[in-house]
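Asker: Encoded as structure tokens, here's the structure I'll be asking about.
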Amino acid sequence: MGLEPRSPHKTGHRFPAGGKRGRRAKGSGRPSVGRSRQPRQPPDGRSEPAPDSHPHLSPEALGYFRRALSALKEAPETGEERELMVCNILKEVEAQALALSMNRTGSEMLQELLGFSPLKPLCRVWAALRSNLRSVACHRCGVHVLQSALLQLPRLLGSPEEEEEEEDEDGKDGPMETLEELVLGLAAEVCDDFLFYCGDTHGSFVMRTLLQVLGGTILESERARPRGSQLSEAQRAPTRECKPTDFEVPVTFLNRLQDLSSCFLKDIAVFITDKISSFCLQVALQVLHRKLPQVCAHLCSAVISYLSTRNSLADGSPLLLFLRDQTSSRLLEQVLLVLEPPSLQSLFEDHLQGQLQTLATHPIANFPLQRLLDAITTPELLSLVSEELSPTLEAVLAQGHPGVVIAFVGACRRVGSHQAQVLQLLLEAFHCAEPSSRQVACVPLFATLMAYEVYYGLTEEEGAVPAEHQVEMAAARTLGEVTVLGSLLLQHLLHFSTPGLVLRSLGALTGPQLLTLAQSPAGSHVLDAILTSPSVTRKQRRRVLQTLKGQYVALACSRHGSRVLDAIWNGAALGARKEIAAELGERNQELIRDPFGHHVARNMALTTFLKRREAWEQQQSAVAKRRRALNSILED
């Protein structure tokens with residue numbers, strides 16, 4: 001496929017760093033409801049009972065629990081004394097569990113206590129809350145207590161039961177329910193009122209956590225959700241890398257998960273269009289994809305079938321309308337990520353083929369397109385996508401959607417095809433393809449997401465012949481601010497099969513410029529890619545890092561630079577370690593006084609290097625020998 005001519009976009013344009021998906025984000029048209037914020041108090045008319053109906057927690061009781069929690073934190077981490085203290089506190093909690101869970105301070109303390117709780121006390125507290133499930137689950141404070149109780153299952157599920165049950169001081173007869181029975185009972189109750197809990201602002205959080213627990217998969221993105229209403233595209237990128245935590249669950253949990261999944265099918269339209277309920281279906285798809293893939297595929301098919309029959313468009317699939325919708329597009333993002341490769345190919349051919357350029361420039365639809373690119377694993381589908389996206393990379397960047405370009409480059413890296421083509425397209429988009437002397441400047445342009453003329457402050461008339469690259473001008477310029485997405489772009493390119501052009505551009509940076517890159521929160525990961533990419537040879541790596549000579553002290557005294565220096569040190573041979581230690585040793589006292597430098601001085605044993613050189617060399621040789629032995633074992 002031939003390359004398209006230069007895009008007509010103005011040469012003086014700076015590529016926006018990426019649109020926001022938050023409330024009030026210009027041009028995004030999409031609020032971040034439910035994805036980035038914790039439950040908040042619902043408006044009038046929602047399910048939460050009136051404040052007066054909540055049990056009252058006296059100041060004396062609140063003070064007691066506060067003192068008890070403080071004492072528990074100061075107690076030894078293990079031992080009979082601690083276990084007895086936990087049991088005694090939770091026995092008091094049992095009588096006031098409902099009042100504690102609906103009090104803001106009490107709820108926070110109860111969540112902490114549940115994190116310490118053994119199996120039986122937790123079950124008793126759970127049982128005390130069960131009779132008021134709806135009130136607790138739909139309360140802005142109570143919901144967190146239920147979530148915390150559910151999240152203890154990976155720790156407690158399968159714990160050995162005590163042979164003899166403790167006497168119930170309240171005089172209640174009958175055996176206490178097991179943890180498994182309590183979870184299944186909770187699932188049965190929410191199943192009976194499924195739409196209510198999924199659609200409630202707070203209840204949906206309990207439902208999502210329950211789905212994860214039943215599937216034995218705790219999703220990191222759900223457990224460690226950042227607070228705040230605005231998340232930029234750059235901030236969202238690392239979330240995709242979070243790996244779920246799996247744990248063993250009984251078969252009854254998976255059976256109940258399958259039962260709950262069938263509830264989605266009964267009211268599929270609600271879960272596609274309601275912004276709160278939709279989040280429950282998204283979590284269900286992630287869990288089912290890992291534990292019950294056939295059920296996941298059935299749910300995905302139901303979603304696609306429903307959307308394909310709504311509001312037919314004369315110029316394309318009805319699915320295109322929903323890709324532009326704030327709520328349903330988020331669900332479709334998840335569907336794209338969990339579809340199997342044959343189903344993903346069919347979805348593309350039936351609904352998306354011929355529409356990618358329009359989707360890439362749309363403020364909402366570009367995000368589902370990024371997920372499509374993230375999900376590509378076959379050269380066949382990548383070829384079809386590349387054919388549509390290749391001519392428009394500069395237009396997409398100018399539109400403020402660099403995430404599409406980064407996802408496209410990432411797909412080329414993952415699949416292993418179209419790499420030379422996409423690199424050439426990037427050079428053209430950033431106006432450094434011609435004349436060829438400009439190519440050596442690609443790294444600063446990619447890192448900052450700026451076109452050549454903007455980065456170097458040039459004024460060129462449209463249609464004029466591009467000027468040659470001036471090495472002196474480039475060396476005199478301070479490296480611009482490295483963006484998160486620019487860093488991701490460079491990391492992908494360094495993992496291409498032939499990263500020679502990017503490495504030559506890195507090698508052309510001056511020492512201060514490379515130091516700025518290493519000290520940058522985002523740019524430091526570019527150095528990580530140089531050190532870890534299997535495509536970068538030892539000789540190429542040494543040539544780039546050689547530029548940092550004379551900058552090691554500044555690197556060691558930087559938060560991010562010190563981490564880069566540690567990584568360089570760990571991969572360096574004995575000769576290179578001597579050079580680094582010699583340079584740092586000249587200013588050892590300065591390093592020792594620095595909050596970051598003193599860690600570097602300790603890790604490199606600089607005091608030993610300065611006073612007992614021979615012992616230091618023996619120590620480093622032994623470390624290198626152990627590392628080689630470990631690498632040999634790992635390779636085998």
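Asker: For the range 542-555, what are the residues that are over 28 Å from the mean Cα position of the chain (by Cα) and surrounded by 17 or more Cβ atoms within 10 Å (Cβ to Cβ)?
Answerer: If the condition is that a residue be over 28 Å from the mean Cα position of the chain (by Cα) and surrounded by 17 or more Cβ atoms within 10 Å (Cβ to Cβ), then Val544, Leu545, Thr547, Leu548, Gln551, Tyr552, Val553, Ala554 are the ones that fit.
Asker: Which residues, counting only those in the range 331-363, are touching a residue at least 60 places away in the same chain (Cβ under 8 Å) and open to solvent by less than 10 Å² (accessible area, probe 1.4 Å)?
Answerer: Of everything in the range 331-363, just one residue is touching a residue at least 60 places away in the same chain (Cβ under 8 Å) and open to solvent by less than 10 Å² (accessible area, probe 1.4 Å), namely Leu331.
Asker: Taking only the range 385-409 into account, find how many residues are touching a Gly at 6+ places or on another chain (Cβ under 8 Å), touching a residue at least 40 places away in the same chain (Cβ under 8 Å) and in a helix (DSSP H, G or I). Steps first, answer last, please.
Answerer: Kept after step one, since they are touching a Gly at 6+ places or on another chain (Cβ under 8 Å), are these residues of the range 385-409: 388, 400-403.
When the remaining residues are screened for being touching a residue at least 40 places away in the same chain (Cβ under 8 Å), the result is 400-403.
Then keep just the ones that are in a helix (DSSP H, G or I); that gives 402-403.
Selection size over the range 385-409: 2.
Asker: Let me ask you something else. Within the range 289-330, which residues are under 22 Å from the mean Cα position of the chain (by Cα), open to solvent by 50 Å² or more (accessible area, probe 1.4 Å) and more than 25 Å from Phe247 (Cα to Cα)?
Answerer: Selection gives Gln326 alone.
Asker: So Thr377 clears everything in (1) open to solvent by 10 Å² or more (accessible area, probe 1.4 Å); (2) in a helix (DSSP H, G or I); (3) without any contact (Cβ under 8 Å) to a residue 40 or more places away in the chain except one condition, right? Which one?
Answerer: Against the list (1) open to solvent by 10 Å² or more (accessible area, probe 1.4 Å); (2) in a helix (DSSP H, G or I); (3) without any contact (Cβ under 8 Å) to a residue 40 or more places away in the chain, Thr377 comes up short only on (2).
Asker: Among the candidates Ala75, Ala68, Ala97, Ala61, which residue alone is of a type in the set (A, V, I, L, M), touching a Lys or Arg at 6+ places or on another chain (Cβ under 8 Å) and surrounded by 13 or more Cβ atoms within 10 Å (Cβ to Cβ)?
Answerer: Matching residue, one of Ala75, Ala68, Ala97, Ala61: Ala75.
Asker: Failed condition for Val409, given (1) touching a Cys at 6+ places or on another chain (Cβ under 8 Å); (2) closer than 19 Å to Val526 by Cα; (3) open to solvent by less than 20 Å² (accessible area, probe 1.4 Å), with all others met?
Answerer: (1)
Asker: Within the group Ser487, Ser520, which residue is open to solvent by less than 10 Å² (accessible area, probe 1.4 Å) and modelled with pLDDT of 95 or more?
Answerer: The conditions single out Ser487.
Asker: Checking the conditions here, which among Leu591, Leu555 is under 22 Å from Leu490 (Cα atoms) and either modelled with pLDDT of 95 or more or in contact with a His (Cβ under 8 Å, 6 or more places away or on another chain) (or both)?
Answerer: That would be Leu555, the only listed residue that is under 22 Å from Leu490 (Cα atoms) and either modelled with pLDDT of 95 or more or in contact with a His (Cβ under 8 Å, 6 or more places away or on another chain) (or both).
Asker: Quickly run through the range 556-571 and pick out the residues that are buried (at least 19 other Cβ atoms within 10 Å of the Cβ) and small (Gly, Ala, Ser).
Answerer: Listed by number, the residues that qualify are Ala556, Ser558, Gly561, Ser562.
Asker: With (1) at pLDDT below 95; (2) surrounded by 14 or more Cβ atoms within 10 Å (Cβ to Cβ) as the list, and Pro238 as the residue in question, which single condition is left unmet?
Answerer: (2)
Asker: For the range 595-612, which residues satisfy the criterion of being more than 19 Å from Val553 (Cα to Cα) and loosely packed, with under 13 Cβ neighbours inside 10 Å?
Answerer: Within the range 595-612, Lys611 is the sole residue that qualifies.
Asker: Name the one entry in Arg543, Arg538 that is among the charged types (D, E, K, R) and in contact (Cβ under 8 Å) with a residue 24 or more places away in the chain. Quick ask: steps written out before the conclusion?
Answerer: On the way: Arg538 fails: in contact (Cβ under 8 Å) with a residue 24 or more places away in the chain.
None of the others qualify; the one that does is Arg543.
Asker: Test Ser497 against the criterion of being touching a His at 6+ places or on another chain (Cβ under 6 Å), touching a residue at least 40 places away in the same chain (Cβ under 8 Å) and within 26 Å of Arg538 (Cα to Cα), and give yes or no.
Answerer: No.
Asker: Quick check on my filter: what residues within the range 382-397 are over 14 Å from His362 (Cβ atoms) and buried (at least 20 other Cβ atoms within 10 Å of the Cβ)?
Answerer: Leu382, Val385, Ser386, Leu393, Glu394, Leu397
Asker: Oh, and also: Only residues that are open to solvent by 20 Å² or more (accessible area, probe 1.4 Å), under 27 Å from Gly400 (Cβ atoms) and over 29 Å from the mean Cα position of the chain (by Cα): list them for the range 495-517, please.
Answerer: Result: Leu501, single match.
Asker: Considering each residue of the range 427-483, count those that are surrounded by 14 or more Cβ atoms within 10 Å (Cβ to Cβ), under 37 Å from the mean Cα position of the chain (by Cα) and of a type outside the set (Val, Ile, Thr), and give that number.
Answerer: 27
Asker: So, Gln286, is that one closer than 21 Å to Thr377 by Cα, polar (S, T, N, Q), surrounded by 20 or more Cβ atoms within 10 Å (Cβ to Cβ) and touching a residue at least 24 places away in the same chain (Cβ under 8 Å) or not?
Answerer: Yes; evaluated as a whole, the condition is true for this residue.
Asker: How about the range 189-212: which of its residues are open to solvent by less than 30 Å² (accessible area, probe 1.4 Å) and over 12 Å from Ile276 (Cβ atoms)?
Answerer: Result: Val190, Phe194, Val206, Thr209, Leu210, Leu211, Gln212.
Asker: Here is a check on your reading of the model: is His492 open to solvent by 40 Å² or more (accessible area, probe 1.4 Å), under 30 Å from the mean Cα position of the chain (by Cα) and over 21 Å from Glu579 (Cα atoms)?
Answerer: Judged against the criteria, His492 is not a match.
The values are calculated or read from the model by the stated rules, or taken from the named source; none is laboratory data. All values reported here derive from a predicted model rather than from experimental measurement. Neighbour counts are summed over all protein chains in view; Cβ atoms, including those assigned to glycine, are modelled from backbone coordinates with ideal geometry. Side chains included, ligands, DNA and RNA excluded: accessible areas come from the protein's heavy atoms. Shrake-Rupley method; radii C 1.70, N 1.55, O 1.52, S 1.80 Å.
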